[in-house]
């Protein structure tokens, strides 16, 4: 190629770049207010000019314009024509603009509505909420940005009736985990905790989100296994423009960081990446038969020396929290089609240190005239934890004139290292004082692939949407270690009274495959717009679970000589040998009772129809059928019997779930909604099993219940909602839920107060009201238009019917009632909060580049563990969360920002208490999280 030709090509490319750089773009989505859907093939034009475009089959459009201020006209046959004024186009920038068109009254008459522009923000989600056929609440990406939240868990607390537990699990309407379901882009996805129905919400960085939708009433196309709500996390797929950003943050808590008393454990070289490098792997085969000293087998010494000798927690200085993130997105023209790409990497490293934590197990005295609770066990001490969470998400979308194909990949990696040193006093089961060292490491990972397609007919009236999503989940507890020394008169010893030093490996692997197809047909019924929806889903889950438990015995030695040092137990000189026939040695074998293989599958079909009786009255009526099957392989003991299962069928249920949503438009911007639905809550793998899982830190043992049955719930909702300009709204809702066979976590028996198990109760009822208001103060004065308040309150009452009969809960409460105590045959539903309050005061000044707010959240006292006999009820106490956020954009282009956040300003404590008639409350669990400060910086290219 000659230099002349090369110069010509470079000049042409440079010229194209100059031309592009001198123009901008307006893009967004056109929504159909009649169908509450996107509006394909609408016309978008510039008033007073000839250039224009049309929306594609998903309602998306893009129009290149020279720099300037325009009026953009949106039109479609039979719909209102809407003019959006003051659309300011700047060189090289994209102006994002979403518009909703409603059917014109006369169908063919043109109605021109002129309005100033509002960007794709909070109002687009409120508009979706207003036009939705189901009762729902939403959270836009702008709302998330204003709250300063770096992840969904922090942001979603502002949604009415939503609470967040442990900083990551989202519950709706105060109901527990089993009654809330989370989905990603409309598909089931398991979380890092495989025993929870909701995915861990703090794994998703907010910069990749389009919005968050919380469905509170069911419809046939939604999964049936929810009651409180379905949280749908919707990620971006086609960025409107090239975007790339990086972010960094650092957090400091005076009570937790740079503390020289912090507890940790020796780990591997890859702990900082969220996984173990092999340091904590089980050093022998799980099937290895370990000899005992009486056999005089030298293999015992060999096996013992293979085990890591470190057993003690170590003191060191703790570090600050820190995180960083990177995300990239772009859209490319590919011939006449579009190719979209997004990628996100997010890393968080958090260190927590609870100095002076407390756990307890308390019981009522045998004497009925004695009121104060006695402790069976009390624990006091320190616990340090380092949590690494890394997420990688990437997505590729390809859109043609009538189809779109999507491929998303998500990988989550979590490593949690914990070390604790504490004293334990026991009084009832035995009378000893002990000192315990506890070391734990849990490694979790989730890898999810989503492949889907969406196709439309020529006129956009028939849409096919299909998705396939396989997931591989792993959760491994690697070398959990607990060493217990009995303290007597200043000496430390080991005996069976308090338990021998313990080593546990737990492994869980789950394969989850979901596929579904959704079809919808738009047509006319009763001279009004209607939509017929139908589809099918198949879900397959298979879980392998094993526990390998070992302890350390001794022969011919006196543990007092160890001087209470756990690391001295397996030093080379202290290990048992054939020659001396004395020392410490490993013992234990494979435990079939704690191993199971289980399968759960769901096959579903649904049919629904959305139609209008009149211009103001519309409804969606449907039914969903689900065939649920549960198979189990394993063995164990329950009710004094040894049970064995070999791929036996535990559940095989065909259920029908009807739903009806009625919406009456009182005025153009206000609705009255009435809905009914039937839903279910099914037992998890762990719950419907024979497994026995011990938490070595708290001493709590979870016992599976093979006889557990699914719960069925009838739901009734009534809501009035009114929407106004500037993202203002008011809503009041009432709801009622009737539960058949609700599942609760209860104390197992009087003999084992630290054992908990799931059980069915006969029935329960929940009734509640919700209030929500969003209002800015511009009506008071012009200079207050940037100040707004958000308030939502939920008040809920629940009653459950206790099991009656010999050996059941009601009889046990009567037998252990205190003098003067009245025992009802109903109580509050376990996990149901009596009230929720979320409120925020926000200030947003785009001219100054300042967004700031103060946020308050509290949840009422909630029954956490149901008591039995001498075991009193445990209640989670209200945690008053008051947080502050300040964000300031900086730089000439305002493409960088700094963020300051303060969490738990009130320095409240997290605690659960035992409560009994006329007795002082006693701690079941106590943690003091302190007040934390964080500073962040982000830069967008």
Check: From 323, 318, which residue is assigned to a loop (DSSP other than H, G, I, E, B), assigned by TED's automatic domain parsing to the domain that holds residue 484, surrounded by 17 or more Cβ atoms within 10 Å (Cβ to Cβ) and touching a residue at least 60 places away in the same chain (Cβ under 8 Å)?
Finding: 318
Next item on the list: Residues being surrounded by fewer than 22 Cβ atoms within 10 Å (Cβ to Cβ), over 30 Å from residue 373 (Cβ atoms) and within 21 Å of the chain's Cα centre (by Cα): count how many of those fall in segment 852-881.
Entry: 2
Margin query: Suppose we filter 494, 463 for residues that are buried (at least 20 other Cβ atoms within 10 Å of the Cβ) and farther than 30 Å from residue 406 by Cβ; which single one remains?
Written below: 494
Item checked: Any hit, segment 690-702, residues being farther than 22 Å from residue 596 by Cα and assigned to a strand (DSSP E or B) -> no
Checklist line | Enumeration of residues in segment 899-916 that are surrounded by 14 or more Cβ atoms within 10 Å (Cβ to Cβ) and over 21 Å from residue 359 (Cα atoms) | finding: 899, 900, 901, 902, 903, 904, 905
Next item on the list: Write out, first by first residue and then by second, each pair whose Cβ atoms fall under 8 Å of each other, whose residues are 6+ apart or on separate chains, and whose first residue, in segment 912-941, is assigned by TED's automatic domain parsing to the domain that holds residue 887 and free of Cβ contacts under 8 Å to residues at least 12 places away in the same chain while the second is crowded, with 17+ Cβ neighbours inside 10 Å and assigned to a loop (DSSP other than H, G, I, E, B).
Entry: none
Margin query: Just the residues that are within 41 Å of the chain's Cα centre (by Cα) and surrounded by fewer than 20 Cβ atoms within 10 Å (Cβ to Cβ), please, taken from segment 46-59.
Written below: 53, 54
Margin query: Restricting to segment 781-837, count the residues that are assigned to a helix (DSSP H, G or I) and surrounded by fewer than 16 Cβ atoms within 10 Å (Cβ to Cβ).
Written below: 5
Check: Which numbered condition trips up residue 41, out of (1) part of a loop (DSSP other than H, G, I, E, B); (2) farther than 21 Å from residue 397 by Cα?
Finding: (2)
Next item on the list: Determine whether residue 549 is closer than 22 Å to residue 293 by Cβ and in a strand (DSSP E or B).
Entry: yes
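Okay, residues lined up against (1) under 26 Å from the mean Cα position of the chain (by Cα); (2) under 30 Å from residue 640 (Cα atoms); (3) buried (at least 18 other Cβ atoms within 10 Å of the Cβ):
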site: 666; (1), (2), (3): no, no, no
site: 672; (1), (2), (3): no, no, no
site: 677; (1), (2), (3): yes, no, yes
site: 690; (1), (2), (3): no, yes, yes
site: 693; (1), (2), (3): yes, yes, yes
site: 701; (1), (2), (3): yes, yes, no
site: 707; (1), (2), (3): no, yes, no
site: 724; (1), (2), (3): no, no, no
site: 731; (1), (2), (3): yes, no, yes
Margin query: From the list 889, 899, exactly one residue is without any contact (Cβ under 8 Å) to a residue 60 or more places away in the chain and closer than 19 Å to residue 936 by Cα. Which is it?
Written below: 889
Check: Taking the stated definitions as given, is residue 685 touching a helix residue (DSSP H, G or I) at 6+ places or on another chain (Cβ under 8 Å), over 17 Å from residue 219 (Cα atoms) and in contact (Cβ under 8 Å) with a residue 12 or more places away in the chain?
Finding: no
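The values are calculated or read from the model by the stated rules, or taken from the named source; none is laboratory data. Only a predicted model underlies this, so the values are computations on that prediction, with no experimental measurement involved. FYI the Cβ positions are ideal-geometry reconstructions off the backbone, even for glycines, and counts take in every protein chain you see.
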